[in-house]
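Student: This is the structure I have questions about; it appears just below.
The values are calculated or read from the model by the stated rules, or taken from the named source; none is laboratory data. Note that the structure is a prediction, hence the values are computed from the model and not measured. Reconstructed Cβ throughout: ideal geometry from the backbone, glycine too, with neighbour counts over all protein chains shown. Accessible surface is based on the protein model in full, side chains and every heavy atom, while ligands, DNA and RNA are left aside. Shrake-Rupley method; radii C 1.70, N 1.55, O 1.52, S 1.80 Å.
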Protein chains: 6
Amino acid sequence: MVTEYTVERVKSGIQGFDDLIEGGFPKGTTVLVTGPTGSGKTTFGVQFVYKGAELYDEPGVIVTLEERSRDLRREMLAFGWDIGKYEREGKIAIIDGVSAVVGLPSEEQYVLEGNLNAEDFLRYVYRVVKAINAKRLVIDSIPSIAFRLKKEEEIRSVLLQFNTILLEMGVTSILTTEAPDPSRGKISRYGIEEYIARGVILLDFVEKEVELKRYLLIRKMRETKHSMKKYPFEINENGIVVYPSGELY
Amino acid sequence: MVTEYTVERVKSGIQGFDDLIEGGFPKGTTVLVTGPTGSGKTTFGVQFVYKGAELYDEPGVIVTLEERSRDLRREMLAFGWDIGKYEREGKIAIIDGVSAVVGLPSEEQYVLEGNLNAEDFLRYVYRVVKAINAKRLVIDSIPSIAFRLKKEEEIRSVLLQFNTILLEMGVTSILTTEAPDPSRGKISRYGIEEYIARGVILLDFVEKEVELKRYLLIRKMRETKHSMKKYPFEINENGIVVYPSGELY
Amino acid sequence: MVTEYTVERVKSGIQGFDDLIEGGFPKGTTVLVTGPTGSGKTTFGVQFVYKGAELYDEPGVIVTLEERSRDLRREMLAFGWDIGKYEREGKIAIIDGVSAVVGLPSEEQYVLEGNLNAEDFLRYVYRVVKAINAKRLVIDSIPSIAFRLKKEEEIRSVLLQFNTILLEMGVTSILTTEAPDPSRGKISRYGIEEYIARGVILLDFVEKEVELKRYLLIRKMRETKHSMKKYPFEINENGIVVYPSGELY
Amino acid sequence: MVTEYTVERVKSGIQGFDDLIEGGFPKGTTVLVTGPTGSGKTTFGVQFVYKGAELYDEPGVIVTLEERSRDLRREMLAFGWDIGKYEREGKIAIIDGVSAVVGLPSEEQYVLEGNLNAEDFLRYVYRVVKAINAKRLVIDSIPSIAFRLKKEEEIRSVLLQFNTILLEMGVTSILTTEAPDPSRGKISRYGIEEYIARGVILLDFVEKEVELKRYLLIRKMRETKHSMKKYPFEINENGIVVYPSGELY
Amino acid sequence: MVTEYTVERVKSGIQGFDDLIEGGFPKGTTVLVTGPTGSGKTTFGVQFVYKGAELYDEPGVIVTLEERSRDLRREMLAFGWDIGKYEREGKIAIIDGVSAVVGLPSEEQYVLEGNLNAEDFLRYVYRVVKAINAKRLVIDSIPSIAFRLKKEEEIRSVLLQFNTILLEMGVTSILTTEAPDPSRGKISRYGIEEYIARGVILLDFVEKEVELKRYLLIRKMRETKHSMKKYPFEINENGIVVYPSGELY
Amino acid sequence: MVTEYTVERVKSGIQGFDDLIEGGFPKGTTVLVTGPTGSGKTTFGVQFVYKGAELYDEPGVIVTLEERSRDLRREMLAFGWDIGKYEREGKIAIIDGVSAVVGLPSEEQYVLEGNLNAEDFLRYVYRVVKAINAKRLVIDSIPSIAFRLKKEEEIRSVLLQFNTILLEMGVTSILTTEAPDPSRGKISRYGIEEYIARGVILLDFVEKEVELKRYLLIRKMRETKHSMKKYPFEINENGIVVYPSGELY
């Protein structure tokens, strides 16, 4: 007799998106969000954590290595997202990976040391996740971690350790990376990111006449039936909105 | 006088596929299943082992380096495949190559050590194959082995040893790897995987309008007459189904 | 209650451009201007600083590593921009990164030492910014910094330090770099410049018949709604003029 | 007075092929057969040796580095070729380059040592050629030799020595290699194989609709007038058959 | 009040060309002439110096690293240019960078030493420029300098020093280099040449039917308004002639 | 007054070709013949030397590194060229660069040592040229020299020395090399061969339907007016024949 089978789903908080993946990410899954510069990866990741706190009462951690915490907070206000409010309620924690790099003082609660050491980094993230009992995690971005390592190639072993720790923590996570040339099969900067992720979402552009149009493509999502269509999406005053029935061309 | 000649065939368990290769894989053959992220390689390999146990009473071993055993088990339930049942009957063994990498405890029966050493790895797989008298084997995936080696380039010599041991064991095996750019002739990540395999199957996509369509192409299959056509396939609630008479475009 | 949210905007001084980015750059932002040789990056950067002094009474610093200060001054006269005048008023400072490289005497007030050392370079720029209380900064260009380092690869760590110092200084900055192959996703020479910038503007060409047409594309601009269209622009007697409603083809 | 000139021709045994090259390979020539995975290189080479023994009473040696001797024998039975029969008659010798690599026992008469050393390898092949007075030789494949060397780059000097020894032996030889991207001029894996061969034959595919069609192209054949056309060919129950008047598209 | 602004122009001596750049090169500018083999770079550079002496009474120096002085002299006679005459009058000096490389005797007045040392090379050119009070300089070519350095990569620092010395000397200079793939953005062999030049001119070909057509494109010219059109040009009995109103296709 | 100017021409001996280059190669010129495998480079070079001896009574030297002297002699008989006859008359000398590489005995008069040393190689060629008072020289091929050097990169300095010695000897020479991807600007294997040659001739193919058509393109020829057209050519029973008025497509 086959065991009764249901996959617990985690709502993404991305409007129009959950319909494409049977209602949400499989709980505990690590999802890679990849794409070129300006494709909306940061917004996607933060929206996932913010909406988790706002709509589903799930605490979440944001590890920001491209923007300072305060810049990120301010930027997200444009979507009407008041991260600070949930931080004060202990529902969101931002780990600032930018400010302290060369020894600037930071008033943030969670700050990464300047000298990024793989073990310390992982341990720190682990601790903050546990501290607020986070169910959601976004790390923005993998290349920004790699740049801060002594040798960029060490990112390989960092990612492998990462994989195990993420599985251990049980959080549903989004990692962002860069897709250098999606049309030629290069969907991650280091060629390994997709191996530690159970889902891969590509945010990219197609040029139509002289305009770049945004689209989203689900390249992989384990335990989930999903189409392989390129869906148009927008970044508007509510954040990312996917149009499952929209026309890309 | 020419010796009477018949090739013993091993049913793949992939619906619609065996018709394309004279009824099944030549017994004892190593087959490379290659393709980009999300193309269905893991499902193809697990289906081969699962259906072997379920339909043909042939024990099989799954070496999983991308997913933990328990994730794989749960994921496969979506196709109605209860791997655990056959594990308990001693017909399937999963070797977990993920959990123990950084020293997490594992309740699995078969677990790879954290420090992947080529000789130990091969010996361990060999032992499990012998323990359950396996006729089928899938290793998912070659890049995931390579990432765990001290130097990624050592995968070359690991694969050469692999080749010999697989021949020695007499199992019919599927190895999965990554095809970085099939249209430009790069059908394997390390450029050597296809040299140790007697069959090469490509799972890939073509874009039709704004949708990626799955197809399967048999690039090589020794002792077997096969067409060189791109066949459409689906991953549905029964796993992989190939449509030999379907239209790709 | 959501905090009242307004982004303070810094007028670019580029005619026709501010309309595309909600009125100007977000204050304190670092913007990467990238493109091939001859695409107008230097003019874009200098115009930003010059117009800041001329129209908005904001002091600015120009770090020039491709042209000597005096060449730059003379060149900009073609647009009717008398940089010297604002230098005398203490509203613009040019840091000459070319003249002294092999020990030539320079009559400039601000001159970089021949042996470019990352820390000294950053400290020097910092000091000049503070000396004139600059609100705007342009550094032309990142590859020219890299060429002057002992090892070109050190540009990676220089840029990471840069990032922090720019954030610290609070100036709105433009950095220029080279886009080797924008159509294939390579929008910066070292593949890291875009990670330290909150905005990325591409200046590039399309060939129409036998003529190259200039266009501008905003690839990223945090805290800003912007279109992803390729806008035609010209370099005429007034500097750069963008045509938001122009036809590229 | 010009010396009377006739080139002695060696029948290839490939149906339909000799007509394209003035009746056969120039005697003593080394011919490179190149192409992607699954293009039929092994079959081409073995057919050359097998038909030599069967039809022209010329002994031949097969050096197999991709398949074990016994697999090769069995596989060729599919074409009705009983290699074992000619081995027993001393007309064909197979040198097994796979079995002994990691120390497995082999019942084969001719077995390469596990540690492939360039000098020993060449000497061994030389000895077997002399032992059966071989007129034909196939080595399948050059990359498989290279993988077994300590450093893959040593294949360069191995090939140069090879060249001299082949010339010395006077056999007509086929070497197989891989053509990574024939349409872009890369017709051999190491970029040197074509320099030691007096003939180069490309076996490749063109895609027609969703099917790959096989074709053969003679890129070089010294002392021979040949067309530069892409000829369709098949691998059917008789081995390789070339269609000089067939239509490829 | 804006300073009165006029750019002093140096006539190029290239027929039809000065109209494209407001009457000539800005005085003291370094111009890079780039293009593939056989595109006319040497002729362009020599014509610039020769016409300077012939028509504008400006002394000039030719540094030739691809051709011996005497070959260059003879070759230019085909255009009716008698360089020797102006050498005797002290208006042109050729520095021979080929003859002495392996210690051949040379009857030339200006000869580079065999062992090319960056400092000595620059000092030597400097001295000859001063000796004849040159206003024009052509160096043909940068790759030929690089090949003669101990390590080709040292060309980077040589070019940076070059830049400063050229600025110091006040001559208007042409440097030639190779454009490996202009259509993909690679307009210089070492990726740095364009950074030390205030102007970049591309000489290239387009294929029209089975013929290569020459064209000239001004990619960059500081202090100068220029079109970005591809202009057809010829090399006829008068040297290079550009057709500003010609049709390329 | 302009010196009277005439370029002494050396007949190529290639039928139909001299009309394209004002009657022949400029005397003393080094010409690079480049193209892919099987494009006819060897035939072009040998024809140049053979016809020199046969028709113009000019002695010539052939340095053969891809074929043994005796193979080359036999091969050329197919065109009715009896090289041996002119060798006996002291009008042609073949230097065998293949036979002795691994110490095989050679009955040839001129044999290169196995261990190819740059200085010795150049000195040897020089000596043979002087011995028969050669006016023509072909070296087939540059990559074959490079493969025989300890480090392939040393070919750079060998070619630079070569250049000087060829100029010194005063012979008209043809060097052959490989053009990896002519359509993308790569017309020589090492990217330096074209710098030491005063002429560059490309022999290549275009595909027309399923057939490769041969064409010849003169990319560079100093002191010579030549068209930039792709001319069809054939290799028939008389060697290479160029069709200046033929249709390529």
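Student: Shortest first, in nm, what separates the label point of C:ASP181 from those of the same position in the other copies (7 Å along Cα→Cβ)?
Tutor: When each copy's label point is compared with this one, the spacings are 0.4, 0.4, 0.8, 0.8, 0.9 nm.
Student: If you don't mind, another one. Once amide H atoms are placed 1.01 Å from N in the peptide plane, what residues at a sequence separation of 5 or more from A:THR30, or on another chain, have their amide H within under 5 Å of its amide H?
Tutor: So A:THR30 has HN proximity to A:SER173, A:ARG198, A:GLY199.
Student: Can you give the accessible area per residue of chain D, in Å², using a 1.4 Å probe?
Tutor: On the way: 9160 Å² over 249 residues.
Per-residue accessible area for chain D comes out at 37 Å².
Student: Using alpha-carbon pairs under 8 Å, 6+ residues apart, how would you state the relative contact order of segment F:107-249 in percent?
Tutor: Relative contact order, segment F:107-249: 14 percent.
Student: Helix F:118-131: angle to the longest alpha-carbon principal axis of chain F, degrees 0 to 90, nearest 10?
Tutor: 80 degrees
Student: Another question, if that's okay. For segment D:236-241, what does the Karplus curve 6.51 cos²θ - 1.76 cosθ + 1.60, with θ = phi - 60°, yield as ³J(HN,Hα) per residue in whole Hz, taken in order and with x for Gly and Pro?
Tutor: 10, 5, 9, x, 7, 10
Student: Measuring from a point 7 Å out along Cα→Cβ, what nm distances, shortest first, does F:ALA131 have to its partners in the other copies?
Tutor: 4.2, 4.2, 7.3, 7.3, 8.5
Student: I'd like the mean, over residues of C:85-93, of how many other protein chain beta carbons sit within 10 Å of each residue's own Cβ. Before the final figure, lay out each step's value.
Tutor: Working: counts 3, 0, 0, 0, 0, 0, 0, 0, 0.
If you average over the peptide's residues, the count of other-chain Cβ atoms is 0.
Student: In whole Å, what three semi-axes, largest first, describe the equivalent ellipsoid of the protein assembly as shown built from its Cα gyration tensor (square root of 5 times each eigenvalue)? Walk me through the numbers before you get to the answer.
Tutor: Numbers: eigenvalues 544, 544, 128 Å².
Values for the protein assembly as shown, descending: 52, 52, 25 Å.
Student: Right, here's the next one. Taking Cα pairs under 8 Å and at least six residues apart, what relative contact order does chain C come out at, in percent?
Tutor: Values: 492 pairs, mean separation 67.2, N = 249.
Result for chain C is 27 percent.
Student: How about segment D:137-218: which chymotrypsin sites (Phe, Trp or Tyr not before Pro) there lie in a loop by DSSP and see at most 15 other Cβ atoms within 10 Å? All intermediate terms of the calculation are to be shown ahead of the outcome.
Tutor: On the way: sites: D:PHE147, D:PHE162, D:TYR190, D:TYR195, D:PHE205, D:TYR215; in loops: D:TYR190.
Answer in residue order: no site qualifies.
Student: Only counting protein heavy atoms at a 1.4 Å probe, give the residues of segment E:44-67, ordered by number, whose accessible area falls by 30 Å² or more when the other protein chains are present relative to the chain alone.
Tutor: Hits at the 30 Å² cut-off: E:GLU66, E:GLU67.
Student: Karplus couplings for segment E:197-205 from phi (6.51 cos²θ - 1.76 cosθ + 1.60, θ = phi - 60°), rounded to Hz, Gly and Pro as x?
Tutor: Ordered by residue, 3J(HN,Hα) equals 10, 8, x, 9, 10, 9, 9, 8, 10 Hz.
Student: Counting only other residues whose beta carbon sits under 12 Å from that of C:GLU89, what net charge do I get with K and R as +1, D and E as -1?
Tutor: On the way: positive: C:LYS85, C:ARG88, C:LYS91; negative: C:GLU54, C:ASP57, C:ASP82, C:GLU87.
Counting the neighbours of C:GLU89, the net charge comes to -1.
Student: Moving to a separate point now. With respect to the symmetry axis carrying chain F onto chain E, which residue of chain F exhibits the smallest Cβ distance to that axis, and what is the value in whole Å?
Tutor: Of all Cβ atoms in chain F, the one nearest the axis gives F:ARG184, 8.
Student: OK, next. How large is the helix-only mean residue ellipticity at 222 nm for chain E, computed as the sum of -39500 (n - 2.57) over DSSP H runs with n ≥ 4, divided by its residue count, in deg cm²/dmol to the nearest 500? Mind dumping the intermediate values first?
Tutor: Numbers: 6 runs with 67 residues, N = 249.
Calculated at 222 nm, the ellipticity per residue is -8000 deg cm²/dmol.
Student: Could you tell me what a quarter of the Cα convex hull surface of segment E:16-73 works out to, in nm² with one decimal place?
Tutor: Values: hull surface 19.5 nm².
Result: 4.9 nm².
Student: Cβ under 15 Å from C:LYS150's Cβ, C:LYS150 left aside: what net charge do those residues give with Lys, Arg +1 and Asp, Glu -1?
Tutor: Working: positive: C:ARG148, C:LYS151, C:ARG156, E:LYS151, E:ARG156; negative: C:GLU113, C:GLU119, C:ASP120, C:GLU152, C:GLU153, C:GLU154, E:GLU153, E:GLU154.
Combined, the nearby Lys, Arg, Asp and Glu give -3.
Student: Sticking with this one: Looking at the protein assembly as shown only, what percent of DSSP beta bridges run antiparallel? Nearest 5 please. Can you show the working numbers first?
Tutor: Working: 120 of 282 bridges.
Counting only bridges with both partners in the protein assembly as shown, antiparallel ones make up about 45 percent.
Student: Can you pull the percent of chain D's accessible area that's carbon plus sulfur, 1.4 Å probe, other chains left in place?
Tutor: 45 percent
Student: In whole angstrom, how far apart do the alpha carbon centroids of segment D:1-71 and segment B:142-182 sit?
Tutor: So the separation of the two Cα centres works out to 32 Å.
Student: Continuing with the same structure: Counting other Cβ atoms within 10 Å of each Cβ, which GluC sites (Glu not before Pro) in segment F:157-249 have at most 16 and sit in a DSSP loop? Mind showing how you got there, number by number?
Tutor: On the way: sites: F:GLU168, F:GLU178, F:GLU193, F:GLU194, F:GLU207, F:GLU209, F:GLU211, F:GLU223, F:GLU234, F:GLU237, F:GLU247; in loops: F:GLU209, F:GLU223, F:GLU237, F:GLU247.
In loop regions of segment F:157-249 (DSSP not H, G, I, E or B), the sparsely surrounded GluC sites (Glu not before Pro) are F:GLU209, F:GLU237, F:GLU247.
Student: What's the Cα-based Rg to Rh of segment D:97-207, Rh via Kirkwood? The partial results should precede the final answer.
Tutor: Working: Rg = 14.9 Å, Rh = 15.2 Å.
With Rg and the Kirkwood Rh in hand, the quotient comes to 0.98.
Student: Here's a follow-up. Using the Karplus curve 6.51 cos²θ - 1.76 cosθ + 1.60 with θ = phi - 60°, what ³J(HN,Hα) values do you get for each residue of segment E:44-59, in whole Hz, with x for Gly and Pro?
Tutor: 4, x, 5, 4, 4, 6, 4, 5, x, 6, 6, 9, 10, 6, 10, x
Student: Shifting gears a bit: Cα atoms only, segment E:143-200: Rg and Dmax in Å?
Tutor: 11.8, 34
Student: Could you tell me what percent of the DSSP beta bridges with both partners in segment C:23-242 are antiparallel, to the nearest 5? Show your work: numbers first, answer last.
Tutor: Details: 17 of 43 bridges.
Just about 40 percent of them are antiparallel.
Student: May I pose another question? Starting from a label point 7 Å past Cα on the Cβ side, list the distances from D:PRO244 to the same position in the other copies, nm, shortest first.
Tutor: Copy-to-copy label distances for D:PRO244: 3.6, 3.6, 6.2, 6.2, 7.2 nm.
Student: Now, a different point. Plugging the Kirkwood radius over Cα pairs into Stokes-Einstein for chain C, at a temperature of 37 °C and a viscosity of 0.692 mPa s, what D comes out in µm²/s?
Tutor: Details: Rh = 18.4 Å.
For the chosen part, D equals 179 µm²/s.
Student: Another one. Estimate for me the total accessible surface buried between chains D and B (protein heavy atoms, probe 1.4 Å, no ligands or nucleic acids), in Å² to the nearest 100.
Tutor: Result for this pair: about 3300 Å² buried.
Student: Which cross-chain or sequence-distant (5 or more) residues have an amide H under 5 Å from the amide H of C:ILE94, H modelled 1.01 Å from N in plane?
Tutor: C:ILE62
Student: Still on this structure, please answer the following. Tell me the net charge near A:THR172. Cut-off is 11 Å between Cβ atoms, A:THR172 excluded, with +1 for each Lys or Arg and -1 for each Asp or Glu.
Tutor: That sum, taken over residues with Cβ under 11 Å, equals +4.
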